[in-house]
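Chemist: First the structure, then my questions, so here it is.
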Amino acid sequence: MTTLDTTVRAKRSLASRVASGAAGGALRIFLIVIALVWLVPTFGLLVSSFRDPTDIAASGWWKVFSAPGQLTAHSYETLLKNETITDSLFNTVWITVPATLLVVLIGAMAGYAFAWMDFKGRDTWFMVVVGLLVVPVQVALIPLTVLFREIGIFGDIIAAVLFHVGFGLPFAIFLLRNFFAEIPRELLEAARLDGAGEARLFATVVLPLAAPALASLGIFQFLWVWNDMLVALVFTNADSQPLTVALQQQVRQFGSNIEILATGAFISMVIPLIVFFAFQRQFVSGVMAGAVK
């Protein structure tokens, strides 16, 4: 009887393994198909950026597979000679990098304070931070425009940076506070017994443990600021406008030269993609950290 039960369980186990493998394979194929479909517009934009305007007007981008001679780098040469576009690309970097680093750094310090430091009104202030998450960006455009004009920074890069930092901090503090709260208290107490102060504890113990969460936050903030146009359209001028605004402003100037717009749009798109794929392992680790705990 025991031998029969063992055989049945073995057969069931083999059948379940086969079914599980088939289901996993089907799911993997489905996800690959979804990913390829998602990448089709990006690939089409890339191909269009390497085609002449006459070819773009005459046929779709997929025709390049039957006529590869259509590919040319003339559009990139023309675009890179346009000072407005090149300057706006550097402006985008000068806006995005500080806005991302400041949000990650200040959010980490505030999140640690809310998680492990005792001070008066800690819970009340944290609820205020959580409440700020629901404040829409549009509400602050006019008040901050007036404020920035009064202090003389309206139209400068720093105005856009400060706006992005202000609206990025509530989410950063909320995310990192919840992550820091999951750190074992015994680990922090052991570091304090070894003589570590709060600053050293934060720098040598907490930040290394929070690297995945910090990377995830940095990617989110980078993508939001890089792709933003509303804030940049309001708070920057012709000398400080980022790439998104520069492309929008030059649509009429370029007119029917869609290949120029395709080239600029692809450049604007490819840098966030590079950042995401470069840090995708840290991003996935940060997203899964809460689930694992």
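The values are calculated or read from the model by the stated rules, or taken from the named source; none is laboratory data. Computed from a predicted model, the values in this text were never measured in an experiment. Counting neighbours? That spans all protein chains shown, and the Cβs are built from the backbone with ideal geometry, glycine included. Each accessible area value is taken on the protein alone, full model and side chains, heavy atoms only, with ligands, DNA and RNA left out. Shrake-Rupley method; radii C 1.70, N 1.55, O 1.52, S 1.80 Å.
Chemist: Mind listing whichever residues of segment 72-105 are open to solvent by 50 Å² or more (accessible area, probe 1.4 Å), under 17 Å from Phe266 (Cα atoms) and of a type outside the set (A, V, I, L, M)?
Modeler: Within segment 72-105, His74, Glu77, Thr78, Lys81, Thr84, Asp87, Phe90 qualify.
Chemist: Would you check which residues across segment 133-156 are β-branched (Val, Ile, Thr) and either surrounded by 20 or more Cβ atoms within 10 Å (Cβ to Cβ) or closer than 19 Å to Ala110 by Cβ (or both) and list them?
Modeler: Val134, Val135
Chemist: Give all pairs with beta carbons closer than 7 Å in which a residue from segment 196-209 that is closer than 14 Å to Gly111 by Cα and open to solvent by 30 Å² or more (accessible area, probe 1.4 Å) meets a residue that is among the aliphatic types (A, V, I, L, M) and assigned to a helix (DSSP H, G or I); count only pairs at least 6 apart in sequence or on separate chains.
Modeler: Within 7 Å, the pairs are Leu207/Ala108.
Chemist: If the Cβ limit is 7 Å and pairs must be 6+ apart or interchain, which residue in segment 132-150 that is more than 16 Å from Leu169 (Cβ to Cβ) and modelled with pLDDT of 90 or more pairs with which residue that is among the aromatic types (Phe, Trp, Tyr) and not in a helix (DSSP H, G or I)?
Modeler: Note: pairs meeting the criteria are Thr145/Phe154; Phe148/Phe154.
Chemist: For segment 106-129, give me each residue that is open to solvent by 30 Å² or more (accessible area, probe 1.4 Å) and β-branched (Val, Ile, Thr).
Modeler: Ile106, Thr124, Val128
Chemist: Going through Val225, Val205 one at a time, which residue ends up being modelled with pLDDT of 85 or more and in a helix (DSSP H, G or I)?
Modeler: Residue meeting the stated conditions: Val225.
Chemist: Of everything in segment 34-65, what is small (Gly, Ala, Ser), more than 15 Å from Ala265 (Cα to Cα), at pLDDT below 80 and open to solvent by less than 60 Å² (accessible area, probe 1.4 Å)? Give them in sequence order.
Modeler: Listed by number, the residues that qualify are Ser59, Gly60.
Chemist: Can you tell me how many residues in segment 29-47 are touching a residue at least 40 places away in the same chain (Cβ under 8 Å) and touching a Leu at 6+ places or on another chain (Cβ under 9 Å)?
Modeler: Counting residues in segment 29-47 that are touching a residue at least 40 places away in the same chain (Cβ under 8 Å) and touching a Leu at 6+ places or on another chain (Cβ under 9 Å) gives 1.
Chemist: Do you know which of the residues in segment 175-202 that are assigned to a loop (DSSP other than H, G, I, E, B) and among the hydrophobic types (A, V, I, L, M, F, W, C) is nearest to Val129 (Cα to Cα)?
Modeler: Among residues in segment 175-202 that are assigned to a loop (DSSP other than H, G, I, E, B) and among the hydrophobic types (A, V, I, L, M, F, W, C), the one nearest to Val129 (Cα to Cα) is Ala181.
Residues checked against (1) under 30 Å from Tyr112 (Cα atoms); (2) open to solvent by less than 50 Å² (accessible area, probe 1.4 Å); (3) modelled with pLDDT under 80:
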position	(1), (2), (3)
Pro212	yes, yes, no
Val234	no, yes, no
Asn237	no, no, no
Pro242	no, yes, no
Val275	yes, yes, yes
Phe279	yes, no, yes
Val284	yes, no, yes
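Chemist: Taking the condition crowded, with 19+ Cβ neighbours inside 10 Å, among the small types (Gly, Ala, Ser) and more than 26 Å from Ser216 (Cβ to Cβ), does Ala159 pass?
Modeler: Against the criterion (crowded, with 19+ Cβ neighbours inside 10 Å, among the small types (Gly, Ala, Ser) and more than 26 Å from Ser216 (Cβ to Cβ)), Ala159 qualifies.
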